[in-house]
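The values are calculated or read from the model by the stated rules, or taken from the named source; none is laboratory data. Since the structure is predicted, the reported quantities are computational estimates derived from the model, not experimental observations. Using ideal geometry, Cβ is built from the backbone for each residue, glycine included, and neighbour counts are taken over all protein chains shown. For the accessible areas, the whole protein counts, side chains as well, though only heavy atoms, and no ligand, DNA or RNA atoms are used. Shrake-Rupley method; radii C 1.70, N 1.55, O 1.52, S 1.80 Å.
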Amino acid sequence: MASVLTFFSLYLMLFSTSFTIINGVFSEQSPMAILTKHMEKLTRLHFYFHDTLDGTNPTAIRITGPANRSFSTTFITDDPLTEGPEASSKLVGRAQGIYAFASQHDSALLMVMNFAFLEGKYNGSALSILGRNPFLNKVREMPIVGGSGVFRYARGYALAKTVSFTPKTGDAVVEYNVSVLHF
């Protein structure tokens with residue numbers, strides 16, 4: 001019995017390494033990585049982002065920036081994501097991250113944001129956005145650069161469209177349509 005176990009262990013060590021392509025010490029690639037490409041899923045999500053700068057319970061707070069201009073002004077957020085455009089609509093997640101006025105020449109934000117989902121099969125999963133948001137455009141496209149949970153190895157894009165904006169307070173409701181590939 002011991003010789004069978006020894007033979008099996010030796011067989012696994014020798015045979016399994018013959019299927020691994022080693023690229024120096026830094027990385028290696030397994031044929032399984034190529035096979036998993038076919039298991040990717042496309043998920044489309046639709047929700048509303050509520051950014052509240054005013055009132056007793058703001059969801060976005062200015063953390064830095066000059067008083068006399070918007071360039072470099074930075075906000076940290078914990079905005080609700082809902083099924084509908086109304087604030088009372090069902091909560092499906094939170095947008096947590098930072099956005100900053102990153103252009104001196106036009107109206108554009110740098111978005112560094114996680115969409116952390118709280119509902120259904122996506123509960124506990126998140127998508128990460130890192131990109132430019134030219135917020136005065138009718139529709140903006142931003143890249144999905146990763147994710148966690150159900151969205152591990154995610155990549156895709158988010159289309160954002162402002163539904164309402166209150167200039168006096170800066171409060172906004174933004175509709176998001178997200179298309180993401182993941183395993």
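Observations on the model:
- If the condition is being outside any strand (DSSP E or B) and at pLDDT 95 or above, then region 58-71 contributes PRO58, THR59.
- Filter pass, SER125 being in contact with a helix residue (DSSP H, G or I) (Cβ under 6 Å, 6 or more places away or on another chain) and either hydrophobic (A, V, I, L, M, F, W, C) or open to solvent by less than 50 Å² (accessible area, probe 1.4 Å) (or both): yes
- Where PRO85 falls short, out of the listed (1) open to solvent by less than 20 Å² (accessible area, probe 1.4 Å); (2) touching a residue at least 40 places away in the same chain (Cβ under 8 Å): (1)
- Screening ILE129 against (1) touching a Ser or Thr at 6+ places or on another chain (Cβ under 8 Å); (2) at pLDDT 95 or above leaves a single unmet condition, (1).
- Residue within region 155-165 that is open to solvent by 20 Å² or more (accessible area, probe 1.4 Å), at pLDDT below 95 and not in a loop (DSSP other than H, G, I, E, B) present: no
- Residues located in region 132-144, provided they are surrounded by fewer than 15 Cβ atoms within 10 Å (Cβ to Cβ) and in a strand (DSSP E or B): VAL139, GLU141
- For region 46-56, the candidate set comprises residues that are modelled with pLDDT of 95 or more and open to solvent by 20 Å² or more (accessible area, probe 1.4 Å); within that set, the residue that is nearest to HIS182 (Cα to Cα) is HIS46.
- Flag for GLY120 being open to solvent by 20 Å² or more (accessible area, probe 1.4 Å), on the phi > 0 side of the Ramachandran plot and not hydroxyl-bearing (Ser, Thr, Tyr): yes
- Pair list, Cβ under 8 Å, 6 or more apart: region 123-146 residue touching a residue at least 40 places away in the same chain (Cβ under 8 Å), other residue open to solvent by 30 Å² or more (accessible area, probe 1.4 Å) and hydrophobic (A, V, I, L, M, F, W, C): none
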